[in-house]
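Structure first, then comments.
Throughout, read-outs are computed from the coordinates displayed, never taken from laboratory work. Keep in mind the model is a prediction, meaning the values are calculated, not measured. Cβ placement follows ideal geometry from the backbone for every residue including glycine, while neighbour counts extend to all protein chains displayed.
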């Protein structure tokens with residue numbers, strides 16, 4: 001039993017939640033400018049529902065739980081919907097879905113024997129489309145669920161909206177038909193639009209949902225027409241003809257009329273529906289549009305109707321929400337990392353926030369132009385995204401949440417690690433510390449130098465590298481070859497066996513091939529593929545150091561920027577000293593493959609990217625195999641990539657290949673292709 005003070009406290013919380021939710025409804029549905037994420041909104045709504053469930057006597061008609069959405073904007077004509085356009089209750093895990101099932105089973109036990117349709121919950125703008133005798137006559141937003149806004153002129157510009165049905169001109173259309181759908185923007189189109197807006201100096205959008213909503217609610221339809229909008233239709237609101245009795249058949253009927261429908265699956269029972277939802281959740285980063293969950297619908301539409309509505313939610317469907325990928329939080333500070341090539345990279349220090357089950361305290365800000373273009377300020381409330389294993393990044397500020405105390409960020413004029421003045425190459429977005437002795441660069445240079453793709457010095461992890469630098473034993477990468485047993489034994493955590501193993505690994509690395517040494521030098525823009533190309537054209541580092549920019553640019557894949565970076569690196573006096581020390585240490589390989597001829601041309605004209613650990617090939621051996629059969633190997637996946645060769649732990653390149661539709665091979669598939677067996 002609540003005490004008087006507890007009851008008062010709970011009532012105050014209820015009123016606070018109502019005020020907050022009404023405010024966020026207004027920002028989301030009327031201004032198209034939300035200041036919190038959907039995840040945070042859903043959590044507040046769930047808390048309010050819980051309080052009202054404990055105290056149903058406190059429920060009032062104006063509670064956010066008793067209506068859908070917000071008031072329509074006054075700038076558009078109002079449209080009354082033929083039936084209420086309801087939203088959905090949410091479940092955040094499988095147990096929540098099963099609890100929903102138990103609730104509706106108590107209402108009607110026929111749900112135990114029915115099937116279910118599973119559809120993605122598209123994150124766009126809900127629209128209601130009206131057709132008279134097959135002709136599109138009116139389109140509206142959902143508004144408050146009863147009255148929406150007339151955006152007919154704008155919807156006519158969306159190419160996915162059929163202006164006449166059936167779209168193929170065959171058959172007789174219904175005399176009257178009203179359907180419900182979602183206008184959205186694909187992730188690819190959203191990113192391309194934002195890029196164009198940024199290049200034009202215009203304000204960019206935070207996410208595809210805001211973009212779709214903002215595009216549809218323009219007073220000038222020509223602006224809407226310029227935006228790459230798409231549509232999914234998934235529901236029949238009203239009709240003067242008999243329509244199918246199941247959701248699955250209605251989707252087929254809508255497709256037959258010419259409406260684009262969302263991808264959907266028919267599941268024989270609830271557990272299969274839950275399994276399907278979990279599969280969708282695992283591959284959510286492969287979905288070409290934003291989806292914040294999966295909708296589970298009772299397939300039998302008559303049973304759906306008999307189950308009725310509770311509050312604003314139809315009992316016959318539920319949204320199984322994905323873990324949040326976007327949330328809002330406070331940007332406490334902007335700090336800078338110095339990379340191994342001297343690049344200064346800003347990052348955000350955040351008020352800790354959970355995103356998809358992970359507590360995020362920091363996020364990337366890409367570069368200083370990104371901060372300026374997005375007008376991101378210290379103290380801003382910002383939208384942060386983390387998709388899959390991608391590093392969290394700041395999407396942009398929530399300008400409507402500003403108090404006036406936020407501070408405009410000014411990039412540093414000197415390196416934060418060594419205080420050397422920073423430089424910017426004209427035409428590039430990056431700023432650099434040009435001090436080769438910068439301590440921040442030294443640790444990262446060493447880490448790169450000893451890595452598997454470079455000199456592969458086993459046992460020299462980042463902690464030991466930091467120890468060596470901190471103790472002043474290593475001032476550049478060449479110093480590794482002058483370490484003595486007693487040096488290592490003086491370090492904390494070292495015993496004789498550990499010291500001997502590392503010294504032997506360093507000794508083994510002296511015989512690495514030329515392309516590995518070039519990779520290890522850490523020249524800006526020179527990765528493993530470019531290093532391999534250079535090793536085929538120059539017999540040793542002396543020859544490479546003497547190359548001109550023009551000579552370098554004659555090599556396929558090397559442009560003016562990389563060529564200049566190579567020339568500048570070899571002309572730097574400190575780098576020349578480094579090369580002399582490496583030569584004196586016996587680290588001076590000569591290319592072994594300058595005269596190597598291809599063994600065939602079965603892969604001629606094809607471009608490959610290799611990722612992950614292959615069963616028998618090393619990364620270098622796989623590249624050599626491809627090149628020996630006439631193929632080309634590059635570092636990054638693009639639309640021009642012919643195949644991605646995948647091993648274990650493939651990383652982000654696999655995701656990009658799948659997004660672009662690039663075929664994926666394993667090692668056996670690569671060998672078969674080279675042998676002409678595919």
Inset, instruction - Calculate the spin-label point distance for residue 387 paired with residue 239, positioning each point 7 Å from the Cα along the beta-carbon direction, and give it in nanometres. - result: 3.5 nm
Inset, instruction - Determine the distance separating the Cα centre of the stretch 399-419 from the Cα centre of the stretch 444-463; give it in Å without decimals. - result: 34 Å
Inset, instruction - Determine the relative contact order of the stretch 596-678: mean sequence separation of Cα pairs under 8 Å and six or more apart, normalised by residue count, in whole percent. - result: 34 percent
Inset, instruction - Could you let me know the centre-to-centre spacing of the stretch 520-565 and the stretch 644-674, using Cα atoms, in angstrom? - result: 27 Å
Legend entry - Cα gyration tensor, the stretch 80-321 - rounded (a/c under 1.5), prolate or oblate: oblate
Legend entry - Cα-based shape type of the stretch 439-509, given that a ≥ b ≥ c are square roots of the gyration tensor eigenvalues and the cut on a/c is 1.5: oblate
Legend entry - Nearest-0.05 FRET efficiency for residue 55 and residue 249, computed from C-beta distance (R0 56 Å): 0.85
Inset, instruction - Let me have the relative contact order for the chain, percent, based on Cα pairs under 8 Å that are six or more residues apart. - result: 9 percent
Inset, instruction - Please give, to one decimal in nm, the separation of the simple spin-label points placed at residue 553 and residue 492, each 7 Å out from Cα toward the Cβ. - result: 5.2 nm
Legend entry - Listed peptides 48-58, 535-545 by packing density, highest first (mean Cβ within 10 Å): 535-545, 48-58
Inset, instruction - Can you tell me how much longer the chain between residue 536 and residue 75 gets when fully stretched, taken as 0.36 nm per residue apart minus their C-alpha distance, in nm with one decimal? - result: 159.3 nm
Inset, instruction - Take each of the peptides 667-674, 304-311, average the number of other beta-carbon atoms within 10 Å over its residues, and list them starting from the highest. - result: 667-674, 304-311
Inset, instruction - Using Cα centres only, tell me the gap between the stretch 329-377 and the stretch 79-123 in whole Å. - result: 39 Å
Inset, instruction - Of the DSSP beta bridges with both residues in the chain, give the percent that are antiparallel, rounding to the nearest 5. - result: 85 percent
Legend entry - Estimated FRET transfer efficiency when R0 is 35 angstrom, pair residue 467-residue 423 (beta carbons, to 0.05): 0.70
Legend entry - Rounded to 10°, Cα long-axis angle of helix 94-107 versus longest principal axis of the chain: 10 degrees
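Which shape class applies to the stretch 326-407: rounded if a/c is under 1.5, otherwise prolate when a/b exceeds b/c and oblate if not, where a ≥ b ≥ c are the square roots of the Cα gyration tensor eigenvalues?
Details: a/c = 1.84, a/b = 1.09, b/c = 1.69.
In terms of gyration-tensor shape, oblate.
Return the FRET efficiency for the residue pair residue 6, residue 87: r is the Cβ-Cβ distance, R0 is 35 Å, and the value is rounded to the nearest 0.05.
Details: r = 31 Å, r/R0 = 0.90.
For residue 6 and residue 87, the calculated efficiency is 0.65.
Quick check: residue separation of residue 402 and residue 507 times 0.36 nm, minus the Cα distance between them. What number comes out in nm?
On the way: separation 105, 0.36 × 105 = 37.80 nm, distance 5.84 nm.
Length difference between fully extended and current span is 32.0 nm.
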Legend entry - Nearest-ten-degree value, helix 38-54 long axis tilted from longest Cα axis of the chain: 40 degrees
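Express the C-alpha Rg of the stretch 113-200 as a ratio against the empirical globular expectation 2.2 N^0.38 Å, rounded to two decimals.
On the way: Rg = 16.2 Å, N = 88, 2.2 N^0.38 = 12.1 Å.
Ratio of Rg to 2.2 N^0.38 Å for the stretch 113-200: 1.35.
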Inset, instruction - Could you point to the label whose value was computed as percent of Cα pairs over 46 Å apart for the structure here, given (1) 20; (2) 35; (3) 62? - result: (2)
Inset, instruction - Please list 335-343, 459-467 highest first by mean number of surrounding beta-carbon atoms within 10 Å per residue. - result: 335-343, 459-467
Inset, instruction - For residue 200 paired with residue 106, estimate the spin-label separation in nm (one decimal), with each label point 7 Å from Cα along the Cα-to-Cβ line. - result: 5.5 nm
